[in-house]
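The values are calculated or read from the model by the stated rules, or taken from the named source; none is laboratory data. No experiment lies behind these values; they were computed from the predicted model shown. We place every Cβ from the backbone using ideal geometry, glycine too, and count neighbours over all the protein chains shown.
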Amino acid sequence: MDHHLNSTIPEPQPKRKRLFSIRLTEAEQNDIKELAKRLKLSSSLMARHFILQAVPYHRNIKQGDTSVEI
């Protein structure tokens, strides 16, 4: 069974107080920055949007289903 994540372009949202930090390679960070620039978004807004879309998507995947594709 194929699962695909259909992402949307994020809309501006209110400021948040909590910080979530992740480590990236320089190449990963550059990829995120380039896409954000092309979409005319901040890299943090874009990254947050896609992470928050992935959480409910993966929450709904059946446990033990290893055929997940993004």
Do any residues in the stretch 22-39 that are under 15 Å from PHE50 (Cα atoms) have Cβ atoms under 7 Å from those of residues that are of a type in the set (Ser, Thr, Tyr), where the two are at least six apart or on different chains, and which pairs are they? ILE32/SER43; LYS33/SER43; ALA36/SER42; ALA36/SER43
Filter result (hydrophobic (A, V, I, L, M, F, W, C) and surrounded by 13 or more Cβ atoms within 10 Å (Cβ to Cβ)) within the stretch 40-64: LEU41, LEU45, MET46, ALA47, PHE50, ALA54, ILE61
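Here's the yes/no breakdown for (1) in a loop (DSSP other than H, G, I, E, B); (2) more than 28 Å from ASN60 (Cβ to Cβ); (3) at pLDDT 80 or above:
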{"residue": "ASN6", "(1), (2), (3)": "yes, no, no"}
{"residue": "PRO12", "(1), (2), (3)": "yes, no, no"}
{"residue": "ARG23", "(1), (2), (3)": "yes, no, yes"}
{"residue": "ARG38", "(1), (2), (3)": "no, yes, yes"}
{"residue": "ARG48", "(1), (2), (3)": "no, no, yes"}
